Amino acid sequence: EQYDGCVVPWCLYLHTIVGTDERGTFRRPTTKMNLFQSVTSALDNTLASDPTAVIFGEDVAFGGVFRCTVGLRDKYGKDRVFNTPLCEQGIVGFGIGAAVAGATAIAEIQFADYIYPAFDQIVNEAAKYRYRSGNLFDCGNLTIRAPWGCVGHGSLYHSQSPEAFFAHCPGIKVVIPRGPVQCKGLLLSCIADQNPCIFFEPKILYRAAVEQVPTEAYTIPLSQAEVIQEGSDVTLVAWGTQIHVLREVANMAQEKLGVSCELIDLQTILPWDTETICKSVAKTGRLLISHEAPITGGFAAEISSTVQEECFLNLEAPIARVCGYDTPFPHIFEPFYIPDKWKCFDAIKKLISY
Ligand SMILES: *[C@@H]1O[C@H](CO)[C@@H](O)[C@H](O)[C@H]1NC(C)=O
């Protein structure tokens, strides 16, 4: 454990939330974690502080395919961390029941691509439970975690980004982190939130960057986008893995074109932070939104629509969407499918020269 390992700039933003001083140095103990370890840490904090918390899903007892629950069954017992049958509908249905009955229910769906068998339980039951009972009952203490997004070789069934399906469903929250510090804080916010939440974890980032993450529990507010980098010419909006692509694109735009980009991590897809996005677009006049999911009906369409309603007279160019194609997620063609830095860079050139 270290006490002052954090030197990266976003810690300045986080200092009020996770207890750092003005220089971004954590006042609380931190330890090096990658993203999957920050998930384990959040779950560990929850199981330790909340005796009603239970974790369940396919293979979670032995640590899960991505090792997110490793060691937790041994530490907290098989009544609190346990395997379920291979039945996503059953996992979420059980989670709703457990949450209604007073548990802090944390369900794992092994891949976001396999959340569809549970779609009915999520959108028809979990999302409506409080509303349909006139606030007599709720399953707000249910959190559903699932690995999400492309991974380089995942193909049809281990690469999808289904956030837009759930963004169409009032009554739930949908959250996606971009790195270990955000992951732990946002996951703990989902667990504490009094609405059912879906927490998508970018699987390609599980073992990517290592950061100094506080070992204690802390939360990062939901429905607040984070301005990662300020700029004056183009607003770039993304979430999860795509933030890292756009960060590189912002540097390329600065170096090669002298274009200043403002980079925003949406973080919560539903309900989303319209204010931060619109404020930025009112300043820059140009917006690029990028996600891996197919372009048609993707969440970029929702953002684009809202921004043109709110900022029509500020816009200097049509809003650009750089997204996946309208095809199933391909295997060997993944490098052509994903909205990579070159596609995004081209879109910036068009925005600037419109
Ligand atoms: C959900 O958790 C909160 C905080 O622990 C608790 O106050 C509330 O009663 C729980 N809800 C249900 C339905 O048990």
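Exactly one of (1) surrounded by fewer than 23 Cβ atoms within 10 Å (Cβ to Cβ); (2) over 17 Å from the mean Cα position of the chain (by Cα) is unmet by Cys261. Its number? Result: Cys261 fails condition (1) only.
Among the residues making up region 309-336, those that are free of Cβ contacts under 8 Å to residues at least 40 places away in the same chain and surrounded by 15 or more Cβ atoms within 10 Å (Cβ to Cβ) are Glu310, Cys311, Asn314, Leu315, Ala317, Ile319, Ala320, Arg321, Val322, Cys323, Tyr325. In region 86-96, of all residues being farther than 18 Å from Ser159 by Cα and in a helix (DSSP H, G or I), the one that is nearest to the ligand (Cβ to nearest atom) corresponds to Ile96.
If you check Cys150, Cys197, Cys139, Cys190 for being more than 14 Å from the chain's Cα centre (by Cα) and within 27 Å of Cys87 (Cβ to Cβ), only one passes: Cys139.
If I ask for residues that are within 16 Å of the ligand (Cβ to nearest atom) and at negative phi, which ones from region 97-123 would you list?
So the first thing to find is which residues in region 97-123 are within 16 Å of the ligand (Cβ to nearest atom), and the list is 97-107.
Result: Gly97, Ala98, Ala99, Val100, Ala101, Ala103, Thr104, Ala105, Ile106, Ala107.
Any idea which residue in region 115-153 is surrounded by the most Cβ atoms within 10 Å (Cβ to Cβ), counting only those that are under 16 Å from Pro339 (Cα atoms) and among the small types (Gly, Ala, Ser)? Filtering region 115-153 for residues that are under 16 Å from Pro339 (Cα atoms) and among the small types (Gly, Ala, Ser), the one surrounded by the most Cβ atoms within 10 Å (Cβ to Cβ) comes out as Gly149. Could you go through region 207-221 and let me know if any residue there is within 16 Å of the ligand (Cβ to nearest atom) and either farther than 20 Å from Lys343 by Cα or within 17 Å of the chain's Cα centre (by Cα) (or both). Within region 207-221, one or more residues are within 16 Å of the ligand (Cβ to nearest atom) and either farther than 20 Å from Lys343 by Cα or within 17 Å of the chain's Cα centre (by Cα) (or both).
Being within 19 Å of Glu226 (Cα to Cα), modelled with pLDDT of 95 or more and not aliphatic (A, V, I, L, M) is the requirement here; does Cys344 meet it? Talk me through it step by step, then tell me what you get.
Details: within 19 Å of Glu226 (Cα to Cα): no; modelled with pLDDT of 95 or more: yes; not aliphatic (A, V, I, L, M): yes.
Considered against the rule, which asks whether it is within 19 Å of Glu226 (Cα to Cα), modelled with pLDDT of 95 or more and not aliphatic (A, V, I, L, M), Cys344 comes out as no.
Do we find that Ala126 is away from the ligand (no atom under 16 Å from the Cβ) and in contact (Cβ under 8 Å) with a residue 40 or more places away in the chain in this structure? Let's see the steps before the verdict.
On the way: away from the ligand (no atom under 16 Å from the Cβ): no; in contact (Cβ under 8 Å) with a residue 40 or more places away in the chain: yes.
When the stated conditions are applied, Ala126 does not pass them.
When residues in region 181-238 are screened for being within 15 Å of Thr143 (Cβ to Cβ) and of a type in the set (Lys, Arg), 1 of them pass.
For Gly258, the conditions (1) over 23 Å from Phe299 (Cα atoms); (2) in contact (Cβ under 8 Å) with a residue 24 or more places away in the chain are fulfilled apart from (2).
Might you let me know whether region 288-302 holds any residue that is in contact with a Ser or Thr (Cβ under 6 Å, 6 or more places away or on another chain), buried (at least 23 other Cβ atoms within 10 Å of the Cβ) and at pLDDT 95 or above?
The first filter runs over region 288-302 and keeps only residues in contact with a Ser or Thr (Cβ under 6 Å, 6 or more places away or on another chain), leaving 292-293.
Remaining after also requiring buried (at least 23 other Cβ atoms within 10 Å of the Cβ): 292.
Still in the running and at pLDDT 95 or above: 292.
The answer is yes; a qualifying residue exists.
Taking the criterion of being within 27 Å of Thr40 (Cβ to Cβ) and within 16 Å of the ligand (Cβ to nearest atom), would at least one residue in region 150-171 satisfy it? Scanning region 150-171 turns up no residue that is within 27 Å of Thr40 (Cβ to Cβ) and within 16 Å of the ligand (Cβ to nearest atom).
The values are calculated or read from the model by the stated rules, or taken from the named source; none is laboratory data. Just so it is clear, the model here is predicted, and its values are computed rather than measured. All Cβ positions, even for glycine, are placed from backbone atoms using ideal geometry, and neighbour counts span all protein chains on display.
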